[in-house]
Ligand code: 4GX
């Protein structure tokens, strides 16, 4: 997949593409990344890429002409690519969006700085506006890297082990289970016995239960009742009984028991 990144700071992307799984994906031809310096497409001796906002106010806006020229050159390299603008006004990026983007013919990622880009460029050329979260950054480069990272690991061959990407917790709307490696005891804390047992089915059961419990405790918003398997519903019922038992133990002073209905 072609990744064409339009930026005034192309150096920011080098370390990202030159290390780890991204580097391997480049070497195997899974991705073909290129940073396009918007400044190279700006006119005049000073190659200015920004200007003051019409209507006044603070901050600067990225001029439309250099951006459009940079986009034009990106389009020549990847005519069918999806044009993405990274901005706080975009749709929230998530795993489902990463999966859809992994099927694109290529991605052209526009990284704005300052107060953003001229609205007419956005209207004329942008297919999709993406936000990586509700906070304000100084530029779109980190968001572009977040998107490329999440998309790349979904491309066939990128992770080596084909199962790894598909097994992902977020596709199943679950958090991942806890992981352990050697030694079996670290600073007085032991690895759960079942993981050392060699009983594959018991390990699988423990991991399913552990993933469910972590989701319940850390991200209950992810749990959709309709998406629970019968086994998971049974686990939740079992845990509720145990919690109720603890809360209502003699002299426990907990709240009144629920009146039923569950
Ligand atoms: N998720 N920023 C972009 C400049 C800007 C503003 C509007 C285009 C349109 C951000 C985020 C983010 C800060 C990157 C403003 N460019 N991008 N920049 N959160 O905060 O994506």
Tabulated pairs, the stretch 2-19, first at pLDDT 95 or above, second buried (at least 20 other Cβ atoms within 10 Å of the Cβ) and part of a loop (DSSP other than H, G, I, E, B), C-beta under 7 angstrom, 6+ apart or interchain: 2/78; 2/81; 3/31; 4/78; 4/81; 8/49
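Only one residue in 98, 70 is closer than 21 Å to residue 171 by Cβ, in contact with a helix residue (DSSP H, G or I) (Cβ under 9 Å, 6 or more places away or on another chain), outside any loop (DSSP other than H, G, I, E, B) and within 15 Å of the ligand (Cβ to nearest atom), so which one is that?
Details: 70 fails: closer than 21 Å to residue 171 by Cβ.
It is 98.
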Some residue of the stretch 143-164 being at pLDDT 95 or above, within 16 Å of the chain's Cα centre (by Cα), outside any helix (DSSP H, G or I) and within 10 Å of the ligand (Cβ to nearest atom): no
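Looking only at the stretch 33-67, which residues are under 21 Å from residue 142 (Cβ atoms) and outside any helix (DSSP H, G or I)?
Taking the stretch 33-67 and keeping what is under 21 Å from residue 142 (Cβ atoms), we get 33-39, 49-50, 59-62, 67.
Hits for the stretch 33-67 are 33, 34, 35, 36, 37, 49, 50, 59, 60, 61, 62.
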Number of the condition not met by residue 85 [criteria: (1) away from the ligand (no atom under 16 Å from the Cβ); (2) outside any loop (DSSP other than H, G, I, E, B)]: (1)
Pick from the stretch 114-131, criterion near the ligand (Cβ under 9 Å from one of its atoms) and surrounded by 19 or more Cβ atoms within 10 Å (Cβ to Cβ), ranking: nearest to residue 75 (Cα to Cα): 122
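The values are calculated or read from the model by the stated rules, or taken from the named source; none is laboratory data. This one's a predicted model, so the numbers in the text were calculated from it and none came from an experiment. Counting neighbours? That spans all protein chains shown, and the Cβs are built from the backbone with ideal geometry, glycine included.
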